[in-house]
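Here's the structure we're looking at; comments come further down.
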Amino acid sequence: MHSNKDNKYRETFPQHLSGKWLVTGKARFIFDEPKPKDLQFVKILTSPHAHARIVSIDKSQAQNIKGVSTVLSAEDIPGKNQIGVVAKDEPLLPHSKVNYVGQPVVIVAADSVAIAETAIKQIKIKYKLLKPILSINQALKNNSLLSEIRKIESGNIQKGFAQSDYVIEGLVNTCSQDHFYLETQIARAIPTEDNEFIIQSATQSPSEVQDVVARVLGLKNKDITVDVRRLGGGFGGKERAATIWACLAALAAYKTRKPCELRLSRVDDMSWRGKRHPMECKYKVGFNKDGKMKAYAIEFNIKGGAYTDLSLAIMQRAMVHADNAYFMPNARIIGRPLRTNFPPNTALRGFGAPQGIFAIEYTMERISHKLKIDPIKIRQANLYQTGQKTPYGQKIQDSNLSELFDRLKKNSGYDKLVQDVHKFNHKSNYIKRGIGITPVKFGLSFTKISHNQTSALIWIYEDGTISVSHGGIEMGQEVNTKVAQVVEKQFGVSLDRIRIESNNTRRIGNSTPTAASACADLNGNAAKIAADKIISKLKHFAQKLLYQKQKTKLENIVFKNNIIFDKQNPKSFITFTDLVKMAFAERIPLCAHGFYKTPNINFDPIKGQGSPFLYFVYGCALSLVEVDVLSGNFTIKKTYIVHEMGKSLNIAIDRGQIEGAFLQGVGWLTIEELLYDDKGFCITNTPSTYKIPTIKDIAQELNIEMIERDTPYSSVLGSKAIGEPPLIYGESVFFAIKNAIESVADYKFETNLTIPATPESIIMAIEELKKISD
Amino acid sequence: MFNISFFLNGEEVNTSVPSNLNTLSFIRNHLNLTGTKEGCSEGDCGACTIVIGKVRNEKVRYVAVNSCLIPAIRLHGKHLVTIEGLGSPDNLHPIQQALLDYHGIQCGYCTPGVVMSLFGLFLNNKRPTENDIHNALEGNLCRCTGYESIKKAAIFIANRFKNYPNKLLPSYFTEINKKLLSFNKRILWKQDINETYNNYNIPKSLKELFTSWDDTSKYESCKIINGGTDLMVDINIKKNLYNKFIDISEIEEINFIRRKNHSTLIGAGTTFSEILENCIIKLKLPIIISTILQIGSQQIRNIATIGGNIGNASPVADLTTVLIALDAKLILKSKSGLRKVNLSDFYLSYKKILLRTNEIIFAIEIPIKKTLTSFEKGAKRKAVDIASVNSAICLELKNRTITNARIALGGVAPFPVLAVKASSYLKGKIITKDTTKKVSSILNAEIKPISDLRGSKEFRTLLVRNQITRHFLKLFPELYA
């Protein structure tokens, strides 16, 4: 590992900024922080009912247990009992009514976890049961909505259908998914002096935590400091869903005036928290003999939880991804956000886009089946061309989807692959192969326009080392490595001079959530702006210092390899360290704040029109799977991914994101099955019952082609976002399984394979096909 | 509290622990080493993986295990290696360096566990194959990387160090084994472990076990713990607190594998990993090897024992199903002597077994005959999953005629069962495609599966049918050509 080639690899793709600490177990997550002597442990009594009136709460016995410092319920909240952000509809602790199983009702803070757990058992709550809403159908019947329905319309849908050679319609249900980050939810609240609290929270939204904690404690934002070093995975599950635990820890700290820690066990974490939104997708598509779509109508019935959470934004993203990579001359997209008695469903990598995309890809498969045309051809026939408009009115500026498809076909040897599969299936009775294809066009920027801003703060210290704070959260996506690379490049210094600080609301206020894949884009740009501000001052100073026989031109001054020089006279230079020292002596500012907002975006969520995205990420994937017809298990033989990424900041990081997201997408639609009992309690609440992919579930061959290109439709230093788009590639595995199953009846019929495609779902689908075809 | 002495990353530690503490909590809260992470507390995620060295038969054996599944008291006399015992940020261990170089780290929460699993692999396997790497890491969940980069790092290490495996050992390993052996001779269990509370007893011999049991007042309602991979989950997750334990994991007399006439005897205390390495089993009972590889993860197999697995009486225990098909017998031992029972008669109802008070499973006797055997497991995930249905078939043949048949099923009844009717139907039959169909329909009438989170009864019924097809397909491929 120490050849020159390896060194070059390391230089080209810098390693994880905290890698050495993580890999030795020395890097601290919140749970690893030394425990203050008087630390109190918070445990929660949650509702066992999905819907019930609270008749009475008796805390007296719990309060009298030795070692218990406080027992708190709704009445003890000093400020507003309200943690909702998009809609103010969610209490921290319910006063009179519980709305989901696992909703916190009473908390205990005690000297030890064991004492807190004992005390919890001594709390008596009387409930009067109410009828819960536990399915999409029940919610529809009761018109149980989180908000009004939303629409996006383009062209004339009726005309479109009338002009189509064929019209088909149907319904497909996407499933939920647990985040299964390895680090469960945790927060620690530490009272300092003067009614001030420091919150260490495993959150993707420190400013939201700050704001909401202040609100429930009846304090001001200036009184609350949130500090986040790193998360052990987030995937959206700590964007909104981390706030409640931070608030509860803060409430306990407020009452006890002692540091309080609240950490969920895995079982509690999986039982009590909201997950990916299941969506019932009712589609109707009109198309011509050549496979070109004329009209697409889709209605998403979105299974939100008991409170609004992020459901409306997730619905919005599903709606603006309902087209995926395809041009629809006439479209009608409807989103209906349903309120049910489940934990508030929330963000999960993709944020609605995977569901929206799944519906149209499912529709593509149906068109292909109807016309008996190769599914890849149907997809190619409908791909966006530059200049066309999306149903919400954004112009496609730089689509290279057609080229990407050509690459995919070439890389996979598509035509031969299809032939081989047919040959194989002809000979093999019990093992069947199938191919699935899924492209992606993923819109970058928050559809909530105000979220598209952030800032960064850079200090160069006297010794020439650099401290960078930014508004993003490091949660494994290596935003810190990327931001450090941007700063490194601007100052022309080596990475070891740069420290990326924890995210702290004192240094970076009003930060927006680390979400929407936009974190490196936003914060990288903010850091660049801050760096450039300092550099512009330093350049003038360097100009003076480098002045010798003739005046150095400002634009010729280069910061590189830790030195500053005139590129026309590179022999005379000044080191970065010396420059900084002298700049300090000359009272030149060595600090700057960079503010960035994403330009040229707009969106009206009510009208469903605008150009919400700065750019799109494009790519496509093909998977070849083998389904065991007898066991219902499948193996991914090969997956080919072609991914366009602008000018990547770090190819190794971006590849890691593709690999991880792909497998998470596969898990979502196949083996990850969430089950609830008839009372609304999640019974798959442990890794022994909820199965995420292991190393044995990866593709036998994963072939990723990463295509770099210069495009103005990109972000910091020409790079593109990477976090969420590749999750969509996992859908190709689902369609490959479906394709393999359909070979059982010689592709004569379409299967109603239910989602997720578990062995049970696969076996049942095969049985059904066999029955129909017999 | 119990006094324990052990080596921690090469250094001797003397301390005391309560009986109900697991090693993960002990490492984090008592030793204040926070590199070992908690991800699930039930042995399913691998974030808390550690390596433990144990003296057995005068040798030190190192294995990677889930620290959440091991009572801390069991560290007595062992060598505990945690992530802190490998490299430091300034001086990374080669495994750590490889993970860093190959970008096998994203959020980093699972990383220490991955490092320890790989360390455990390379300690036991000087030239691991890709398959060995998969086996070693199947018990480490990572939600970030998609495993590709981790796998690349592991393959790099395997190639790089194949001729120099000792370079992967921290310096303190050179002295530690000697120390550990003499240490184990020196420490006395009874005296060392303070017996005032007496709620956790670790006998070193069968004699000691049965003597303790004489005092029935003391050991009434005692829970026997062997590997503990299921019991500890109960304690950690379901908070089932047992008052008293007898831990039989230190009794060497129940840790053996030997031939006896026409059968093989496996001591109840033999771990799955030990069985996997055994030459007799590899040669004579390969079906057991392939089945065990489908049970749990590497970390689980390193502590779980065959006796514990049978005694735990899971309705869908993979190995039990196979052993019933193989017509295995259990040798049970109490103070009054040995008795032998058919494994297929051992289960009475859900989690109720034939074991008497003050009796243990001593060994499993497996007949070695010329048979055709096959095992099938139907589970959601390829690795580390509990089956919806499993089945095993064992046929004795003369030409194409079946002279004896045993079909066993798990997941279709409160305990693994022998399908008596279907088995007896097969006797005397000539194998044809029709025979297999007929067997399926007899089985269908014979079983009464239920619906639960691992599958509906309809699905289970279909799986049984399909597994029978698969068995015959594997054993008689010519029938299906």
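The values are calculated or read from the model by the stated rules, or taken from the named source; none is laboratory data. Since the structure is predicted, the reported quantities are computational estimates derived from the model, not experimental observations. Glycine also receives a Cβ, built like all others from the backbone with ideal geometry; neighbour counts cover every protein chain displayed. Please note that ligands, DNA and RNA were not included when accessible areas were found on the heavy atoms of the full protein model with its side chains. Shrake-Rupley method; radii C 1.70, N 1.55, O 1.52, S 1.80 Å.
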- Message: Roughly how large is the B-A contact in terms of buried accessible area, totalled over both chains, probe 1.4 Å, nearest 100 Å²?
- Response: 6800
- Quick one: compute a quarter of the convex hull surface over the Cα atoms of segment B:23-126 and quote it in nm². 7.2
- Message: I'd like the FRET efficiency for A:Glu169 and A:Lys88, computed as 1/(1 + (r/R0)^6) with the beta carbon distance as r and R0 of 30 Å, rounded to 0.05.
- Response: 0.20
- Pairs beyond 21 Å (Cα-Cα), from A:Lys423/A:Lys738; A:Lys370/B:Lys380; A:Lys409/B:Lys380: A:Lys370/B:Lys380; A:Lys409/B:Lys380
- Item | Residues with amide H under 5 Å from that of A:Gln40, placed H, sequence gap 5 or more | A:Cys260, A:Glu261
- Message: Taking loop as defined by DSSP and a crowding limit of 12 other beta carbons within 10 Å, which GluC sites (Glu not before Pro) in segment B:11-75 fit?
- Response: B:Glu58
- Does a label point 7 Å from the Cα of A:Glu75, set along Cα-to-beta-carbon, have any residues of segment A:45-61 with amide nitrogen under 16 Å, and which are they? A:54-61
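Over chain B, what relative contact order in percent results from Cα pairs under 8 Å that are six or more residues apart?
11
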- Query: To the nearest 10 degrees, how steep is helix B:457-475 against the longest Cα principal axis of chain B, on a 0 to 90 scale?
  - Reply: 80
- Note on the structure: Here the relative contact order (percent) of segment B:372-480, from C-alpha pairs under 8 Å and at least 6 apart, is 25
- Find out how many positive minus negative residues lie around A:Asn411, taking Lys and Arg as positive, Asp and Glu as negative, among other residues whose Cβ is under 11 Å from that of A:Asn411. +2
- Note on the structure: Computed over chain B: longest principal axis from alpha-carbon atoms vs helix B:148-160 long axis, angle to nearest 10 degrees, is 70
- Note on the structure: For segment B:372-480, the dipole about the Cα centre with charges only on Cβ (Lys and Arg +1, Asp and Glu -1), to the nearest 20 debye, works out at 100
- Query: Efficiency by 1/(1 + (r/R0)^6): what FRET value for A:Glu462 and A:Lys35, r their Cβ-Cβ distance, R0 = 41 Å, to the nearest 0.05?
  - Reply: 0.70
- Task: Keeping all protein chains in place, calculate the accessible area per residue for chain A (probe 1.4 angstrom), answer in Å².
- Result: 36
- Note on the structure: Note on segment A:355-407: alpha-carbon gyration tensor, axes a ≥ b ≥ c; rule is a/c under 1.5 for rounded, else prolate if a/b larger than b/c, else oblate; result oblate
- On average, how much area does the Cα convex hull of segment B:94-168 cover when viewed from any direction, in nm²? 4.1
- For A:Lys560, which sequence-distant residues (separation of 5 or more, or a different chain) have an amide H within less than 5 Å of its own amide H, given hydrogens modelled in the peptide plane? A:Phe565
- Query: Charges only on Cβ, +1 for Lys and Arg, -1 for Asp and Glu: so what's the dipole of segment B:268-420 about the Cα centre, in debye to the nearest 20?
  - Reply: 180
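Quick check on chain B: helices-only [θ] at 222 nm, where DSSP H runs of length 4 and up contribute -39,500 (n - 2.57) each and the sum goes over total residues. Nearest 500, please. Walk me through the numbers before you get to the answer.
Values: 18 runs with 157 residues, N = 481.
Dividing the helical sum by the residues of chain B leaves -9000 deg cm²/dmol.
To the nearest 20 debye, what charge dipole does segment A:652-774 have about its Cα centre, counting +1 at the Cβ of each Lys and Arg and -1 at the Cβ of each Asp and Glu?
I would put it at about 120 debye.
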- Item | chain B - Debye-derived log10 I(q)/I(0), Cα point model, q = 0.06, 0.11, 0.13 Å⁻¹ | -0.28, -0.94, -1.26
- Query: Round to a whole number: what % of the accessible area of segment B:331-397 belongs to carbon and sulfur, probe 1.4 Å?
  - Reply: 51
- Note on the structure: 1/(1 + (r/R0)^6) with r = Cβ-Cβ of A:Cys591 and A:Asn195, R0 = 30 Å, i.e. FRET efficiency to nearest 0.05, evaluates to 0.50
- Note on the structure: Accessible-area loss of at least 30 Å² in the complex relative to the chain alone (1.4 Å probe) applies, within segment B:109-149, to B:Tyr109, B:His134, B:Glu138, B:Leu141, B:Arg143, B:Cys144, B:Gly146, B:Tyr147, B:Glu148
- Item | Taking the convex hull of Cα positions in segment B:372-480, its mean projected area over all directions (nm²) | 6.5
- Which of B:Tyr164, B:Ser117, B:Ala136 sits farthest toward the positive end of the charge dipole of segment B:94-168, with +1 on the Cβ of Lys and Arg and -1 on the Cβ of Asp and Glu? B:Tyr164
- Message: Residue by residue through segment A:84-89, what is 3J(HN,Hα) from phi via Karplus (6.51 cos²θ - 1.76 cosθ + 1.60, θ = phi - 60°)? Round to whole Hz and write x for glycine and proline.
- Response: x, 10, 5, 10, 8, 10
- Taking H placed 1.01 Å from N in the peptide plane, check which residues at least 5 places from A:Lys294 or on another chain put their amide H under 5 Å from its amide H. A:Gly286, A:Phe287, A:Asn288
- What fraction of the DSSP beta bridges in chain A is antiparallel, stated in percent and rounded to the nearest 5? 80
- Scoring only Lys, Arg, Asp and Glu (+1, +1, -1, -1) among other residues with Cβ under 14 Å from the Cβ of A:Met315 yields +4
- Query: Within 10 Å of each Cβ of A:660-672, how many other protein chain Cβ atoms are there on average?
  - Reply: 3
- Any aspartates and glutamates whose Cα falls less than 17 Å from that of A:Lys432, other than same-chain ones fewer than 8 residues away, would be A:Asp420, A:Glu626, A:Asp628, A:Glu742, A:Asp746, A:Glu750, A:Glu760, A:Glu767, A:Glu768
- Message: Filter chain A for me: DSSP H helices, axial length by Cα at least 15 angstrom, mean Kyte-Doolittle hydropathy not below -1.0. List them by residue number.
- Response: A:206-217, A:243-256, A:353-371, A:401-412, A:479-491, A:519-546, A:651-669, A:731-742, A:759-773
- Debye intensity ratio in log₁₀ form over the Cα atoms of segment A:309-433, taken at each q of 0.16, 0.19, 0.21, 0.22 Å⁻¹: -0.94, -1.12, -1.23, -1.29
- Note on the structure: At 25 °C in a medium of viscosity 0.890 mPa s, segment A:364-441 has a Stokes-Einstein diffusion coefficient, with Rh taken as the Kirkwood radius over alpha carbon pairs, in µm² per second, of 170
- Task: Please give the per residue volume of the convex hull enclosing the alpha carbon atoms of segment A:604-718, rounded to a whole number of Å³.
- Result: 193
- Message: Residues of segment A:157-187 losing 10 Å² or more of accessible surface, assembly versus chain alone, probe 1.4 Å, please list them.
- Response: A:Phe180, A:Leu182, A:Glu183
- Expected sort for A:730-740, A:711-721, A:215-225, B:305-315 on mean C-beta neighbours within 10 Å, highest first, is A:730-740, B:305-315, A:711-721, A:215-225
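Rg/Rh for the protein assembly as shown: what does it come to with C-alpha atoms and Rh from Kirkwood?
0.97
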- Query: Can you give the helix-only mean residue ellipticity at 222 nm for chain A, where every DSSP H stretch with n ≥ 4 adds -39500 (n - 2.57) and the sum goes over all residues, rounded to the nearest 500 deg cm²/dmol?
  - Reply: -9000 deg cm²/dmol
- Message: Restricting to Cα pairs below 8 Å that are 6+ residues apart, what does the relative contact order work out to for segment A:84-239? Please round to a whole percent.
- Response: 15
- Which angle between 0 and 90 degrees, to the nearest 10, do you get for helix B:111-124 versus the longest principal axis of chain B when only C-alpha atoms count? 70
